[in-house]
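The values are calculated or read from the model by the stated rules, or taken from the named source; none is laboratory data. In this text the structure is predicted, and so the values were computed from the model without any measurement. Heads up, the Cβs are rebuilt from the backbone with ideal geometry, glycines too, and the neighbour counts pull from every protein chain shown. Areas reflect the complete protein model, heavy atoms only, side chains present, ligands, DNA and RNA absent. Shrake-Rupley method; radii C 1.70, N 1.55, O 1.52, S 1.80 Å.
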Amino acid sequence: MAVERLFEVAAGGRYAQIVLDTPPTRQALDFLEAPARIVGFLDSGALKMGMKTWFDEAGRLKAAKGWWGGLGRRAERFLDEVVGLDLLRDMSEFFQAFAPLYAGFHERAEAVEELLRSPRTLFILVSGPGEERIPDTLFFARRLAAAGYHLGPIVVNRVHPQVAAAAGVAAFDPAQALHVDGRRLLAWLGERDRRGLAGLSGLLSAQRLVALPLLPEEPTDLPALAALGGDLAARLRAPAATT
């Protein structure tokens with residue numbers, strides 16, 4: 001249904017630009033692979049077998065009629081006990097009822113797959129800060145590139161500011177997080193995010209890395225979202241060395 005909806009919006013011509021916000025990594029890959037799975041299913045031999053007329057008007061298995069003696073009927077009873085002829089009839093009716101729609105499903109799935117791989121379509125990968133996010137970010141980026149999608153900038157969101165710990169304040173120990181001074185925690189988070197950005201930047205080849213700072217408050221209204229969007233747009237337009 002998501003593939004059908006994307007085709008509908010793209011083909012309608014009402015919008016100059018479409019922004020598709022996908023779920024997290026694993027679910028996003030499932031969606032991107034959905035058009036190919038649809039086409040593969042519609043081209044499969046299993047579907048072609050399911051569309052054949054296996055039952056007569058009385059609901060009896062046609063293949064059993066021509067078998068020698070009572071062997072066909074015994075085979076029919078065996079299938080009824082093991083699988084259930086009612087289930088097989090329902091499946092056959094289902095496939096045949098949707099048969100007029102399969103060509104449209106096939107055509108639209110191919111169109112969506114072509115759209116997702118088109119140079120007009122750009123993927124912007126959004127990740128969180130910290131060194132622990134690097135493997136997942138690189139995994140998704142490499143899967144997109146290997147599948148032939150056009151990967152644009154990688155945005156690292158909610159990056160903590162780099163601040164110096166107050167004089168005379170001991171270094172932060174994560175094991176003592178319940179009893180830590182807020183200044184030490186903020187300094188540690190800023191340093192952690194700096195290391196994560198540096199590590200990710202060193203592992204990227206062609207993709208541009210854009211850091212988006214953590215806001216003092218969550219953007220919960222339209223003006224705040226507009227300001228966040230403007231900040232992101234400005235950072236994306238800025239020269240790579242300044243982001």
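Brief remarks on what is shown
For (1) closer than 22 Å to ARG26 by Cβ; (2) over 24 Å from the mean Cα position of the chain (by Cα); (3) at pLDDT below 75, each residue gets a yes or a no:
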residue: ALA64; (1), (2), (3): no, yes, yes
residue: ARG77; (1), (2), (3): no, yes, yes
residue: LEU85; (1), (2), (3): no, yes, yes
residue: ALA97; (1), (2), (3): no, yes, no
residue: GLU107; (1), (2), (3): no, no, no
residue: LEU138; (1), (2), (3): yes, no, no
residue: ARG143; (1), (2), (3): yes, no, no
residue: ALA147; (1), (2), (3): yes, no, no
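- Per-region count, the stretch 1-36, residues in a loop (DSSP other than H, G, I, E, B) and open to solvent by less than 60 Å² (accessible area, probe 1.4 Å): 1
- Within the stretch 146-164, the set of residues being touching a Pro at 6+ places or on another chain (Cβ under 9 Å), part of a loop (DSSP other than H, G, I, E, B) and either among the basic types (Lys, Arg) or open to solvent by 50 Å² or more (accessible area, probe 1.4 Å) (or both) comprises HIS150, PRO161.
- All conditions but one from (1) in a helix (DSSP H, G or I); (2) among the polar types (S, T, N, Q); (3) at pLDDT 90 or above apply to THR220; the one that does not is (1).
- Checked against the criterion of being in a helix (DSSP H, G or I), at pLDDT below 90 and farther than 22 Å from ARG5 by Cα, the stretch 110-131 contains one or more residues that satisfy it.
- Residue check for PHE55: at pLDDT 75 or above, over 23 Å from VAL39 (Cβ atoms) and surrounded by 11 or more Cβ atoms within 10 Å (Cβ to Cβ): no
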